[in-house]
Structure formats: structure tokens, C-alpha cells
1. Just the residues that are of a type in the set (A, V, I, L, M, F, W, C) and more than 25 Å from Q105 (Cβ to Cβ), please, taken from the range 1-57.
2. Any residue at all in the range 1-14 that is of a type outside the set (F, W, Y) and assigned to a helix (DSSP H, G or I)?
3. When you look at E48, is it closer than 24 Å to D134 by Cβ, out of contact with any Phe, Trp or Tyr (no Cβ under 9 Å at 6 or more places or on another chain) and either of a type in the set (D, E) or surrounded by 15 or more Cβ atoms within 10 Å (Cβ to Cβ) (or both), yes or no?
4. Being farther than 16 Å from G121 by Cα and modelled with pLDDT of 95 or more is the filter; apply it to the range 41-66 and report the residue that is nearest to the chain's Cα centre (by Cα).
5. Checking the structure you have, find out if any residue of the range 47-65 is assigned to a helix (DSSP H, G or I) and among the aromatic types (F, W, Y).
6. Search the range 67-79 for residues that are exposed (fewer than 15 other Cβ atoms within 10 Å of the Cβ) and pair each with any residue that is part of a loop (DSSP other than H, G, I, E, B) when their beta-carbon atoms are under 7 Å apart and the residues are at least 6 apart or on different chains.
7. Kindly indicate whether G34 is touching a Ser or Thr at 6+ places or on another chain (Cβ under 6 Å) and either among the small types (G, A, S) or in a loop (DSSP other than H, G, I, E, B) (or both).
8. Can you tell me which residue among D88, D122 is at pLDDT 95 or above, closer than 29 Å to D54 by Cβ and crowded, with 16+ Cβ neighbours inside 10 Å?
Amino acid sequence: MSDFTVPKFRLPGFVAEIGRKLPQWPHGLALVAGLNAALKMKLLPESELTALDDKLFRVQVLDTGGTAHFTYRDSLFRPVFRAEREPDLAFAAHLSAYLQLLARQEDPDTLFFNRELEITGDTELGLMVKNMLDAVEWPKLPSLPLPTR
């Protein structure tokens, strides 16, 4: 049986319209929890994290209307509930592009050049974050046995 591939898709427009009207803080909390879990699992290169100190990041999921702001301070990722300035680095993409990145089905360069991932802000910081994420060795999850009939 072949591995699952994330298809390219877009959620209907009304999802983003509703999503933009909902509180955005849960997105930041969820993202920061995942990033801090990756820190605890030592998946992120600690030597490069100091370059992220006090930088403001924004991640937008265009077709859900979700936006998360966060920063890195005192060796932890922290949500930012009210961004007082433009982010140092911002990412915007549809949900399927983020899922393809997480599954390592697509790389950020391909998505960027195909105009499926928008990256704005500090170019040097963006390149460093991209290289840091490329270097992550994600743990392999065990395959679940399929039921037999």
C-alpha cells in the first residue's frame, strides 16, 4: 500500500469568512504548543534559535481565515495576542500547502516559486528558518495495521 499524499485543495470561501470573525488566539496557542513540543523533543537546532530572539512571526492559513502571531523569547516560543508591529517574518498559504510541508511532500522553495506559499519580511531570517526546518528529522510514526476481513 502506498503512503498517503496530501492533495492540493482549497476550502470553500465561506470557511475563511467565518474563520476571520472568530477569535484568533487559539491558533497562536496551538502553533506555539507544537513548536515548544518540538523544542522539548530536541528537533530544532538549539544553536540557531538565539537568532530568533524577540522576532515577531505571523502564520496565516488563507482558506481557514486563521492567523497566528508568535515570538521566541527566553528559550520558548510564545504567542503574541496583539501584534503591535509588522512581523519580522510572515508566511501565508492555504491549508493544503502547510499540510504538504509538514508531510515533506513539498518543500518551501517549490511552494514559494509556484506561488502557493507567500513569505514576506526579513529575507535573511526567512532563509535561516527555512534551513532550520529543512534540517529537522521528524520522528517516524509507526504504521497502524489495517484490519483484515
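The values are calculated or read from the model by the stated rules, or taken from the named source; none is laboratory data. This structure is a prediction, so every number in the text was calculated from the model and none was measured. Using ideal geometry, Cβ is built from the backbone for each residue, glycine included, and neighbour counts are taken over all protein chains shown.
1. F14, I18, L22, W25, L29, L49, A51, L52, L56 - these are the residues of the range 1-57 that are of a type in the set (A, V, I, L, M, F, W, C) and more than 25 Å from Q105 (Cβ to Cβ).
2. At the first step, the residues of the range 1-14 found to be of a type outside the set (F, W, Y) are 1-3, 5-8, 10-13.
Adding the requirement that they be assigned to a helix (DSSP H, G or I) leaves 13.
Looking for residues that are of a type outside the set (F, W, Y) and assigned to a helix (DSSP H, G or I), one finds at least one in the range 1-14, hence yes.
3. Answer is yes for this residue.
4. Initially, the range 41-66 is screened for residues farther than 16 Å from G121 by Cα, giving 41-50, 61-66.
From the residues that got through so far, the ones that are modelled with pLDDT of 95 or more too are 61-66.
On the way: V61: 9, L62: 12, D63: 14, T64: 14, G65: 14, G66: 12 Å.
For the range 41-66, the residue satisfying everything is V61.
5. no
6. R73/D54
7. When the stated conditions are applied, G34 does not pass them.
8. D88
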